[in-house]
Amino acid sequence: MAFFRSVSYPATESVLTGEHVTLRAPAPQDFAAWSSLREESRGFLKPWEPKWPADDLSKASYRRRLRRYSREMREDRSYPFFVFRRGDGELLGGATLSNLRRGVSQCATLGYWMGAPHAGKGYMSEAVRLLMPFAFVRLRLHRVEAACLPRNRASITLLEKVGFRREGYARRYLCIDGQWEDHILYARLADDPEPPTYKAGMQSVFDTGTGLPEKETL
């Protein structure tokens, strides 16, 4: 793993632990699992993501990705997480709070992806649930936004299940797989009520000591 020696990454990072998944920041040792899962899921993911660069799954590209993550975390602009299955530690996907705006906004954008073998099993719903107290308590955000393609029924169902509310429709909002696409806009506010389906389960994030370390340890 010598090619990672020049990467400066935070020595400590947040770990969010739920019933079935654990979230933590991407690290050098995750490269093999990440590149393998992304390659295996290429056809599944490409219709929902920006166009992949030709070298997207290379070691050099991953190293640049880690450097960008490290810089954006230090600058309080983005907080990326990989999603792992508890028990065997298998990488399942990723979720990111990006484009943080402070000042009068106190807002971030939620994005996520799930590997094809693990889709439809509830893992990402739990991951997003874990991210909400991180966003609203740890980062002290007021609002988390998300957007999805109108034909992406799985993403629509996920967002509404975890308490996001539909707020609008944006024409040709994001360039997805090389095409400008319309998106449905969602948001969740810090004082929105928690969905009853997971309100009780979130208590473990605060009780176990594995969920939300003090802000200065990030």
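The values are calculated or read from the model by the stated rules, or taken from the named source; none is laboratory data. Nothing here was measured: the structure is a model prediction, and the numbers come from that model. Positions of Cβ are generated from backbone atoms using ideal geometry, with glycine treated the same way; all protein chains shown enter the neighbour counts.
The single condition among (1) under 24 Å from Arg67 (Cα atoms); (2) under 12 Å from the mean Cα position of the chain (by Cα) that Ala146 does not satisfy is (1). Restricting attention to the stretch 171-196 and to residues that are over 28 Å from Pro47 (Cβ atoms) and modelled with pLDDT under 95, the residue that is surrounded by the most Cβ atoms within 10 Å (Cβ to Cβ) turns out to be Glu194. Inspection of the stretch 88-105 finds no residue satisfying the criterion of being buried (at least 17 other Cβ atoms within 10 Å of the Cβ), β-branched (Val, Ile, Thr) and in contact (Cβ under 8 Å) with a residue 40 or more places away in the chain. Identify all residues within the stretch 149-183 that are outside any strand (DSSP E or B) and over 18 Å from the mean Cα position of the chain (by Cα); write none if there are none. Across the stretch 149-183, the qualifying residues are Pro150, Arg151, Arg153, Asp177, Gly178.
Please go through the stretch 42-59 and pick out each residue that is assigned to a helix (DSSP H, G or I) and in contact with a helix residue (DSSP H, G or I) (Cβ under 9 Å, 6 or more places away or on another chain).
Taking the stretch 42-59 and keeping what is assigned to a helix (DSSP H, G or I), we get 42-48, 59.
Arg42, Gly43, Phe44, Leu45, Trp48, Lys59, listed by residue number.
Against the list (1) within 16 Å of the chain's Cα centre (by Cα); (2) under 15 Å from Trp48 (Cα atoms), the condition Tyr123 fails is (2).
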